[in-house]
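Notes to accompany the following structure.
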Amino acid sequence: METLRYNYAHRLLHWLIVLLVLGLLTVGALLGNLGFEGLKDLVGLETTNQLYGYHKTFGIVVLALMILRLALKRLFRSPAYQPPLNGFERAASLTVHSLFYVALILMPILGWLGTAAGGFPVQFFDLTLPGLIPENKDLSKTLFQLHGIVGWVILSLILIHVAAAIYHWRIKRDGVMKRMSLF
């Protein structure tokens, strides 16, 4: 019998990534809008350093989870839509999901490179990862601008994705929501 749901590992990864990304976007907005000094004035040096460290660490975690998710996507077939989506829905779904994968892999890479180019340590919990590129303040600024733009793209994709989910759940009532539900 063909299942109409993703396997449990894929569903669990989806929701874990959702939680991490929402937290990272929230902290990233604070870091981007207040900057180091503004955040330090608001919450103190120790908390500011912790927020930067956690942001870097969990950005790397999202990168690793997205790579794992890509591997699972190649190993396991996606469940069929029942009833099938129309042409527009299929195209929109493929576009949004593809953009999510690209953005959620690109975002931490830009952060990693921007951090390294800024001359700052790339932290992963208590480890310092290789910077990958030499210090270059102008390049760092550009990479962090791109990092911020991709953050807005991800937020836009989240809003589109949630709107489509609500549409399928409350208007079409076609069972699409069950594909990724944990329960």
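The values are calculated or read from the model by the stated rules, or taken from the named source; none is laboratory data. Note that the coordinates shown come from a computational prediction; the quantities given were computed from them, not determined experimentally. Glycine also receives a Cβ, built like all others from the backbone with ideal geometry; neighbour counts cover every protein chain displayed. For the accessible areas, the whole protein counts, side chains as well, though only heavy atoms, and no ligand, DNA or RNA atoms are used. Shrake-Rupley method; radii C 1.70, N 1.55, O 1.52, S 1.80 Å.
Modelled label positions at Lys141 and Leu45, each set 7 Å beyond Cα in the direction of Cβ, lie 2.6 nm from each other. Here the scattering of the chain is modelled by Debye summation over its C-alpha atoms, one equal scatterer each and no solvent; at q = 0.16, 0.18 Å⁻¹ the log10 of I(q)/I(0) is -1.01, -1.19.
Taking all protein chains as they are arranged and a probe of 1.4 Å, the heavy atoms of Thr95 leave approximately 80 Å² accessible to solvent.
Here the Gaussian network model covers the chain, with springs between Cα atoms less than 10 Å apart; of Ile67, Ile109, Ile171, Ile171 fluctuates the most. Shown is the FRET efficiency for Leu22 and Thr128, computed with R0 = 25 Å from the Cβ-Cβ distance and rounded to the nearest 0.05: 0.40. Of the residues Trp112, Trp152, Trp15, the one with the largest accessible area comes first in the ranking Trp152, Trp15, Trp112, computed with a 1.4 Å probe on protein heavy atoms. Ordering Leu25, Leu99 by accessible surface, largest first, gives Leu99, Leu25; the 1.4 Å probe counts only protein heavy atoms, with every chain in place.
After finding the eigenvalues of the alpha carbon gyration tensor for segment 6-72, what semi-axes result from the square roots of 5 times each, listed largest first in whole Å? Display every interim value, and only then the final one.
Working: eigenvalues 178, 20, 14 Å².
Square roots of five times the eigenvalues give 30, 10, 8 Å.
For segment 49-110, the spread of Cα positions along the three principal axes, ordered from largest to smallest, is 49, 24, 16 Å.
For the chain, what's the relative contact order in percent, using C-alpha pairs closer than 8 Å and at least 6 residues apart? Mind dumping the intermediate values first?
Working: 167 pairs, mean separation 50.1, N = 183.
Contact order relative to length: 27 percent.
Residues Glu89, Glu46, Glu37, ordered by accessible area of protein heavy atoms at a 1.4 angstrom probe radius and largest first, appear as Glu46, Glu37, Glu89. Dividing the mean sequence gap of close Cα pairs (under 8 Å, 6+ apart) by how many residues segment 8-83 holds gives a relative contact order of 44 percent.
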